[in-house]
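> The structure follows.
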Amino acid sequence: MNEPIKFGAVVGKLPDRRAIVETPSLVLSNCYVGIELEFEDVPQPENFEDILYFWKYDVDDSLRGDYPTELILRHPLAGVDVITALEQISSAVSSGEMETPTINERTSTHVHIDVRDLSGKQLLRFLLLSFMCEEFLQNFCADYRRNNLYCIPAYNCGDLRDRASCSIPVTGDLSDDFLPHALHSVASRYRKYSGINFRTAASYGSLEFRHLEATYDKDRLLLWINLLQSLKKFAMLNEIPLERFPETISNSGPMGFIREIFGELYEPLMSATPEDVRIATLYRGLRTAQEVVYGHALDIAHHRVVSGEVLNPQWVEDFGETKTRRASQSMVASIGGVQRSYIKNFLGLEVDDVEEEPSPFMNPKATVPSSLHFDLEVPSELSYEQGE
């Protein structure tokens, strides 16, 4: 059996071949990590190369202060080197060798998780799991990061969901040869300032998480990295059927599923989300993942209704074809949300019955309605008193 194509091979970013000294402090010790720390008022220490040899010092003009600074890992690190790099930052500040940074709503932490070693299915699972858990991750971070325009969460942005759902044929071709190329196409057009920035997968072979506030606390940085690596690890080791992703999670007991993903990190993550809203928070994330999963099928179904190829047979019988066609087109235009129940109840089709057409990932103008609406009653254009 042939080995699935790895995403890194598709984007021209081959896996790193450096030797790794593993450590139990990391969930995935062999997973390479990139880190960017934005600070203000931090002049470069004279002995920078000695005390922070894993890091490089850059001026970041998007920040303010006397010394707007970005500290970036010189190379992605894995294993013990990640721990050492975090200790270097923390120690430099606590020892006074580097001035204590100014941290505010303009500064942040960006962490890149290596995806070069993932197959197309593993990468898509990682992305869907991240969408599903994004609000929990957002709650873990400082409040002022929530509405930041430079880390927009997918659950608050229909445009992000539309781009992914129109471009990833989850109910279509899931072959190991095709899917990595489809994901590459999505990543290359993705919005840069998303909280989960998929665009970096095309340029660096990594998935970037932009939610965390700026910090030099090595323990908090390590916890954040482990939360993200937990998502990747689960995506690698669990064969969740992509075309049944939302149902699988919902049927298995939602919060138990989240606990299974994060293990002993579940409580630290959940401590930032009140217990009485956790289920609602999870289902918002599931809906985001669901829109990606069923977007391809809905886009095809939308086309078939608008073109007059598919009409609800009961409505045709009750009201006539002309009124049904007009009402169907109006309803499709107003219904948003990529709901399996919409395709089944309104069109009389199962997702698996939708005939495949050329995948919309080739068409950047393809769109899916972004508002959520579950009213599947007879449209107002039709009335049983009117008939035809």
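The values are calculated or read from the model by the stated rules, or taken from the named source; none is laboratory data. The structure presented is a predicted model; accordingly, all values stated were derived computationally and were not measured. Backbone-built Cβ (ideal geometry, glycine too); neighbour counts: all protein chains shown.
> Which pairs have Cβ atoms under 8 Å, sit 6 or more apart or on different chains, and link a residue in the stretch 21-36 that is free of Cβ contacts under 8 Å to residues at least 40 places away in the same chain and among the aliphatic types (A, V, I, L, M) to one that is outside any loop (DSSP other than H, G, I, E, B) and surrounded by fewer than 19 Cβ atoms within 10 Å (Cβ to Cβ)?
none
> Look through Gly120, Gly65, Gly79 and report the one residue that is on the phi > 0 side of the Ramachandran plot, in contact with a Ser or Thr (Cβ under 9 Å, 6 or more places away or on another chain), surrounded by 20 or more Cβ atoms within 10 Å (Cβ to Cβ) and of a type outside the set (Val, Ile, Thr).
Matching residue, one of Gly120, Gly65, Gly79: Gly79.
> I want to confirm something. Restricting to the stretch 11-58 and keeping residues that are closer than 16 Å to Ser91 by Cα, aliphatic (A, V, I, L, M) and over 28 Å from the mean Cα position of the chain (by Cα), which single residue is surrounded by the fewest Cβ atoms within 10 Å (Cβ to Cβ)?
Ranking the qualifying residues of the stretch 11-58, first place goes to Ile51.
> Can you say whether Tyr67 is touching a strand residue (DSSP E or B) at 6+ places or on another chain (Cβ under 8 Å) and at pLDDT 90 or above, as far as the supplied structure shows?
When the stated conditions are applied, Tyr67 passes them.
> If you don't mind, there's one more thing I want to ask. Can we say Phe54 is in contact (Cβ under 8 Å) with a residue 40 or more places away in the chain and of a type in the set (Phe, Trp, Tyr)?
Considered against the rule, which asks whether it is in contact (Cβ under 8 Å) with a residue 40 or more places away in the chain and of a type in the set (Phe, Trp, Tyr), Phe54 comes out as no.
> I would also like to ask the following. Return the residues of the stretch 137-176 that are hydroxyl-bearing (Ser, Thr, Tyr), at pLDDT below 85 and under 23 Å from Thr273 (Cβ atoms); say none if nothing qualifies.
Tyr155
> So Glu3 passes all but one of these: (1) surrounded by 13 or more Cβ atoms within 10 Å (Cβ to Cβ); (2) within 30 Å of Phe178 (Cβ to Cβ). Which condition number does it fail?
In the conditions (1) surrounded by 13 or more Cβ atoms within 10 Å (Cβ to Cβ); (2) within 30 Å of Phe178 (Cβ to Cβ), Glu3 misses (1) alone.
> Return the only residue of Arg116, Arg64, Arg106, Arg125 being of a type outside the set (Asp, Glu), touching a Pro at 6+ places or on another chain (Cβ under 6 Å) and in contact (Cβ under 8 Å) with a residue 40 or more places away in the chain.
The match here is Arg116.
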